[in-house]
Ligand SMILES: [Zn+2]
């Protein structure tokens, strides 16, 4: 099905999910649906697309055509506004038992569109022990039409009691070649650009596509990867930190704007508002204004999250840069993610020792941890820049 097309190099997972989606469709039509499972665990290293796979499966469950990829239901799943799909993404470092209990209550409701209620729990490994215990009870006895999709880096990250009740779908990082091939054949990207984008994105298809097709994304990547060579003094570190935070904000704003526009238009349509512009609140039927307010709140908290994610993605890009530097210092024969910046990599490789490079990678990882713990971004990034300086 079309929704699985982006799961490049995950043939085994796609086969399992397609069969399950077909079985789920059978259940909806009143059949037995052998092979349908109510609890799933998506595992795989960062960038392997755990959440993408879970989201595609959610679309396959909620779409009347089993995941066509272009109907309203599919679209709502992908923009995150489907009424029967609940996205759970722990904001802080852990997810509490109180939050879990509320979630379980919501999960127990009947599906509004008559198919399934799907809970997509990203970073399920962040559930606290008592939260995990509450979750276990819900998974043990799921309401007939509720499906849990948990995501975690590895099966071991969850309690064995939960793990053993889930069907595990393990994703792997797709090879550069596979990603480049998809970009070239499906998105008509010239082969050399496809290869560059696939390498730079390190197997992350969504990122690779954005790099290949969007000039703005390429420009922001260059800005991020230009940072290491610019860190010549304290003042430069401070301004580099400002630039990095700003670049992440720009990236987030671009992503948010596109999503928001779609959702607002959809909500207007839902409440029978045909015209656009100022008359919105007046024109909405009863309940519309409240729904719009709710949507705006949701969009606001999502914007915060996307901003944090963009900054984290930029930091991971820096990690990939220093990892390339390290590979050059060791003379390792590996594919460099940032092959296009070979000159910069070479300069840095010559100017430092492998120990210094490792220390820099540590500094970036530490910054990521501090950001996850809600430290002020500008402060955390400044401290990191100062450690990156030679
Ligand atoms: Zn569809």
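A few comments on the model shown:
- Criterion applied to 136, 105 was being over 16 Å from the mean Cα position of the chain (by Cα) and touching a residue at least 12 places away in the same chain (Cβ under 8 Å), and the one residue passing it is 136.
- In the stretch 2-13, of all residues being surrounded by 20 or more Cβ atoms within 10 Å (Cβ to Cβ) and assigned to a helix (DSSP H, G or I), the one that is nearest to the ligand (Cβ to nearest atom) corresponds to 3.
- All positions within the stretch 136-154 that are part of a helix (DSSP H, G or I) and farther than 11 Å from residue 39 by Cα: 137
- Residue among 127, 59 that is within 16 Å of the ligand (Cβ to nearest atom), touching a helix residue (DSSP H, G or I) at 6+ places or on another chain (Cβ under 8 Å) and without any contact (Cβ under 8 Å) to a residue 60 or more places away in the chain: 59
- Count of the stretch 139-152 residues, restricted to those that are surrounded by fewer than 17 Cβ atoms within 10 Å (Cβ to Cβ) and touching a residue at least 24 places away in the same chain (Cβ under 8 Å), is 2.
- Residues satisfying the stated conditions in the stretch 335-390, i.e. surrounded by 14 or more Cβ atoms within 10 Å (Cβ to Cβ), within 26 Å of the chain's Cα centre (by Cα) and either on the phi > 0 side of the Ramachandran plot or not in a helix (DSSP H, G or I) (or both): 336, 337, 338, 375
- Residue in the stretch 37-49 that is within 16 Å of the ligand (Cβ to nearest atom) and in contact (Cβ under 8 Å) with a residue 40 or more places away in the chain present: no
- Residue check, residue 66 crowded, with 16+ Cβ neighbours inside 10 Å and either at pLDDT 90 or above or closer than 18 Å to residue 142 by Cβ (or both): yes
- With respect to being surrounded by fewer than 24 Cβ atoms within 10 Å (Cβ to Cβ), away from the ligand (no atom under 16 Å from the Cβ) and within 27 Å of residue 25 (Cβ to Cβ), residue 78 falls outside the description.
- Residue list for the stretch 226-244, filter: surrounded by fewer than 21 Cβ atoms within 10 Å (Cβ to Cβ) and assigned to a helix (DSSP H, G or I): 229, 230, 234, 235, 236, 238, 239, 242, 243
The values are calculated or read from the model by the stated rules, or taken from the named source; none is laboratory data. Bear in mind that the values here come from a model prediction, so they are computed numbers and not experimental data. Note that we place each Cβ from the backbone using ideal geometry, even for glycine, and neighbour counts take in every protein chain shown.
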